[in-house]
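Notes to accompany the following structure.
The values are calculated or read from the model by the stated rules, or taken from the named source; none is laboratory data. This is a predicted model, so every value here is computed, not measured. With ideal geometry, Cβ positions are generated from the backbone for all residues, glycine too; neighbour counts draw on all protein chains shown.
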Amino acid sequence: MDQHISQQNLPLLLSKARETIISQFRSILKHFGLTEQQWRVLRILFEEGEVEPCYLCEICDILSPSMTGILKRLKEMGLIGRRPMETDKRRVLIFLTPKSEQLAEQILPLIRQQYRLIEEAWGADLVAQIYQDMYTLIELKKVKVQQVELP
């Protein structure tokens, strides 16, 4: 039986590409005691303000059980708080604390600087192309691809 697949291993290439990108930021996150997933959540909160946990799951691409643990740890770290929504007390909003606002003052300039350094090293055109390709790929999620028939 032929064990060779003629197509390149696209999932593996995407994983390696992701690692190439995140490795540019990992030392900053580690310096501030944050995981990559915690940073995804905090960045959304820095940019959008208070939001519901289900929105964080969707926008951060993190499953609900994992998000529960992430939010628990961020709360223990004093970086987020929770409060019931005024219109529906069964739902909660996640918000930043004064401690996370102080963190933002320290970490955001470093993150911005790292993006500039990436652009300088790789070139603005390549970085723009990477963004465009990623947005295009994400949009293709809407296109239904027929699945092989399983035996």
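Just a few scattered comments:
- Subset tally (residues that are of a type in the set (S, T, N, Q) and under 20 Å from TYR55 (Cβ atoms)) for the stretch 70-111: 3
- Verdict on GLU47 being surrounded by fewer than 11 Cβ atoms within 10 Å (Cβ to Cβ), acidic (Asp, Glu) and closer than 19 Å to TYR115 by Cα: yes
- Scan of the stretch 72-109 for residues that are at pLDDT 95 or above, among the hydrophobic types (A, V, I, L, M, F, W, C), part of a helix (DSSP H, G or I) and under 17 Å from the mean Cα position of the chain (by Cα), ordered by number: LEU74, ILE107, LEU108
- Residue check, GLY69 among the small types (Gly, Ala, Ser) and over 17 Å from the mean Cα position of the chain (by Cα): no
- All conditions in (1) charged (D, E, K, R); (2) surrounded by 10 or more Cβ atoms within 10 Å (Cβ to Cβ); (3) within 22 Å of CYS54 (Cβ to Cβ) hold for LYS142, with the sole exception of (2).
- Boolean, THR68 is surrounded by fewer than 16 Cβ atoms within 10 Å (Cβ to Cβ) and either in contact with a helix residue (DSSP H, G or I) (Cβ under 9 Å, 6 or more places away or on another chain) or in contact (Cβ under 8 Å) with a residue 60 or more places away in the chain (or both): yes
- Restricted to helices (runs of 4 or more DSSP H) entirely inside the stretch 1-60, those with at least 2 residues that are under 30 Å from PRO98 (Cβ atoms) are 26-31, 36-48, 53-60.
- Yes/no for LYS75 being exposed (fewer than 15 other Cβ atoms within 10 Å of the Cβ), within 30 Å of LEU13 (Cβ to Cβ) and free of Cβ contacts under 8 Å to residues at least 12 places away in the same chain: no
- Any hit, the stretch 103-111, residues being under 30 Å from ALA17 (Cβ atoms) and free of Cβ contacts under 8 Å to residues at least 24 places away in the same chain: yes
- Of all residues in the stretch 110-132, those satisfying the criterion of being more than 17 Å from the chain's Cα centre (by Cα) and of a type in the set (D, E, K, R) are ARG116, GLU119, GLU120, ASP125.
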